[in-house]
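The values are calculated or read from the model by the stated rules, or taken from the named source; none is laboratory data. Values in this document were obtained by computation on a predicted structure and should not be read as measured data. Glycine also receives a Cβ, built like all others from the backbone with ideal geometry; neighbour counts cover every protein chain displayed. What goes into the accessible areas is simple: the full protein's heavy atoms, side chains included, and nothing from ligands, DNA or RNA. Shrake-Rupley method; radii C 1.70, N 1.55, O 1.52, S 1.80 Å.
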Amino acid sequence: MRKEEKAQIIESIAAQIQETPNFYITDISGLNAEETTKLRRECFEKNIKLVVVKNTLFHKALLGMENEEVKLIFPALEGPTAIMYTETPNAPAKLIKKYADDGAEKPALKAAYVQECSFVGADKLGELCNIKSREELIGDIIGLLQSPARNVVSALQSAGGKLAGIVKTLSERE
């Protein structure tokens, strides 16, 4: 591969990281064509971009980020590597966990860079599955804010019926 081609690939990887800053470093080696096709199809359905990369080129693209946290994942860049780019932080983790629950050894998590935090090692898969997306967090906050308001409205509505009954009873006595 010529130097110009390598520079172009590094630029492409850097652009992809800028576009989707959440990525998972995985090992999909050993999957046959049918399994790889199935994995790619599931990734496509979940808006995950799966790309096989050369470790040295991906390493150089990450160096361009000038981020100390991303440097923690450099040791995971050994052996066959596939990158899962995503906008939904926990989607690749859930997909990998689904395969693991089905008894498959691959895809295997090597590391992840999600919401500007590094996670290294397959033991971090559970943590990554529990990460909430921005939309999920906003929904949780809205639910928390609505709960007290619902209680007040409910209390007023139920008290309104009781007050009307009391007023009616008092007016009938006269």
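Before moving on, here are some points about what is shown:
- Neighbour-limited loop hits for GluC sites (Glu not before Pro), the stretch 109-138 (at most 12 other Cβ within 10 Å; DSSP other than H, G, I, E, B): 116
- Once the 1.4 Å probe is applied to the protein heavy atoms, the chain comes out at 65 Å² accessible per residue.
- Reference-scaled alpha-carbon Rg (2.2 N^0.38 Å with N residues) for the chain: 1.64
- The chain: relative contact order as a whole-number percent, Cα under 8 Å and 6+ apart: 27 percent
- Rolling a 1.4 Å probe over the protein heavy atoms of the stretch 1-60, with every protein chain left in place, gives an accessible area that is 51 percent carbon and sulfur.
- Those lysines that a straight Cα-Cα span of less than 18 Å connects to residue 54, excepting residues fewer than 8 apart in one chain: 3, 6, 71, 110
- Carbon plus sulfur fraction of accessible area for the stretch 94-135, probe 1.4 Å, in percent: 48 percent
- The alpha-carbon of residue 94 sits under 18 angstrom from the alpha-carbons of these aspartates and glutamates, leaving out residues fewer than 8 places away in its chain: 27, 35, 42, 45, 102, 105, 123, 127, 135, 136.
- Low-density loop cleavage sites - GluC sites (Glu not before Pro) in the stretch 1-101, where at most 11 other Cβ are within 10 Å (DSSP): 66, 68, 78
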